[in-house]
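Quick notes on the structure that follows.
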Amino acid sequence: MTSLSRRRLSRSITLGVCLAVAGRAAVAVMPGAGIADPELAREPSWRIPPVEEVRDRALAWLAAAEPAGQSSTAATRARAAWEATNSRPRVDVLDAVMETVICGEPRAEAIRPAAAGDPDLSWLDDPATTPFVRDAVKLWWGRELVRRDRFDDAMPLLVGLDVAAAVDPATLLFHRAACQHWLLAVDDALESLDRLLEREDEIPVRYARVARLLRVDMAALDRDSLDHIARRMRDVTRRLDLGRAGAATRDVQDGVIESLDKLIEQLQDQQQQQGGGGAAGAGGGPGQGAAGKPMEDSRPAGGRGPGDVQGRDLGVGDDWGRLPPHDREQALQQIGREFPPHYREAIEQYFKRLASGVEDR
């Protein structure tokens, strides 16, 4: 399947997810609306360091990192970056920190260009690398990965950082929550969002508004629901668009197939129960009254069906995508009756991709 087809599938799934999210989150963005969580009223567990404090830490590190007698060009460049924070409100402090780090650590220069490959970050684990530089670079690169939709790569970097020591804790919490939200780590996402919203009036407005929406969305998400399944299908599409078709992507696919198995079994059980009740009501057997009304006395109903339920082996793994056309179409029709049409279309396309083996490449 081409990249264009994958993007269309992703948009189809994302549309349904976004519509559901918008409906659930509408109350959260109304004026005066708040998150009904008493924990958010407690004393904030973190602080936002003033820009001057972060600047002093960065310039102090740079002064210590420069060899004696070295030209002050690096310090001049770093101070120019920090002077910009005084002239522009809400300037990106993390960018100013990164500029300072690059002035004193040439290896950090390779991180900044938007190259196709990943930079070598092994030097960050060198004991000689100060915690200030290590954490600042990981935070900056983690944010960059989130902007590239590489949530699974950004997560390990951001989860390991200490909010209390971060040069920009709001950015850390927001982007950590974004990874957890996308990768459906529900409990972790709620914790990160709650901590971020402890200082809702102080963080950037875009962080606060998006965080509210994400929190309402996560709190209402049911595991193994069609919404949950659709999001994992969307994540598979994202991974494939990034060229990630390895074991991690296959694990997500296996989870999607397992959840779809359960969902379709439930829908088929409901269909059989509804069909059985309808047949009994319309059979007109001895002692039966109006359609759908149970018989007055306990007696054989006189139905014509053999009373057998045909077993069905769903199999495991990718063979599930190769169900007999009649059975698969029957299940999809049931999904179409129970859920909005775009879900049926998205799942049908997903089945076709499984049956053709595209997902394994």
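The values are calculated or read from the model by the stated rules, or taken from the named source; none is laboratory data. Since we're looking at a predicted model, the values are computed, not measured. Here the Cβ positions follow ideal geometry from the backbone for every residue, glycine too, while neighbour counts run over all protein chains shown.
For the stretch 220-242, how many residues are more than 13 Å from the chain's Cα centre (by Cα) and either modelled with pLDDT of 85 or more or among the polar types (S, T, N, Q) (or both)?
Of the residues in the stretch 220-242, 4 are more than 13 Å from the chain's Cα centre (by Cα) and either modelled with pLDDT of 85 or more or among the polar types (S, T, N, Q) (or both).
Would you be able to say whether some residue in the stretch 311-320 is β-branched (Val, Ile, Thr), closer than 30 Å to LEU183 by Cβ and at pLDDT 55 or above?
no
Somewhere in the stretch 174-190, is a residue surrounded by 18 or more Cβ atoms within 10 Å (Cβ to Cβ) and acidic (Asp, Glu)?
There is at least one residue in the stretch 174-190 that is surrounded by 18 or more Cβ atoms within 10 Å (Cβ to Cβ) and acidic (Asp, Glu).
Of the residues in the stretch 239-255, how many are farther than 18 Å from ARG148 by Cα, of a type in the set (Gly, Ala, Ser) and free of Cβ contacts under 8 Å to residues at least 12 places away in the same chain?
The qualifying residues number 2.
Out of all the residues in the stretch 208-225, is one or more surrounded by fewer than 22 Cβ atoms within 10 Å (Cβ to Cβ), touching a helix residue (DSSP H, G or I) at 6+ places or on another chain (Cβ under 7 Å), closer than 30 Å to THR130 by Cα and small (Gly, Ala, Ser)?
Within the stretch 208-225, not a single residue is surrounded by fewer than 22 Cβ atoms within 10 Å (Cβ to Cβ), touching a helix residue (DSSP H, G or I) at 6+ places or on another chain (Cβ under 7 Å), closer than 30 Å to THR130 by Cα and small (Gly, Ala, Ser).
Which residues, taken from the stretch 142-178, are among the charged types (D, E, K, R), out of contact with any Gly (no Cβ under 9 Å at 6 or more places or on another chain) and outside any loop (DSSP other than H, G, I, E, B)?
Listed by number, the residues that qualify are ARG143, GLU144, ARG147, ASP152.
Can you name the residue in the stretch 115-144 that is among the charged types (D, E, K, R) and closer than 17 Å to GLU99 by Cα and, of all such residues, is modelled with the lowest pLDDT?
GLU144
Being assigned to a helix (DSSP H, G or I) and farther than 18 Å from TRP46 by Cα narrows it down to one residue among LEU124, LEU193; which is it?
Answer to the selection: LEU124.
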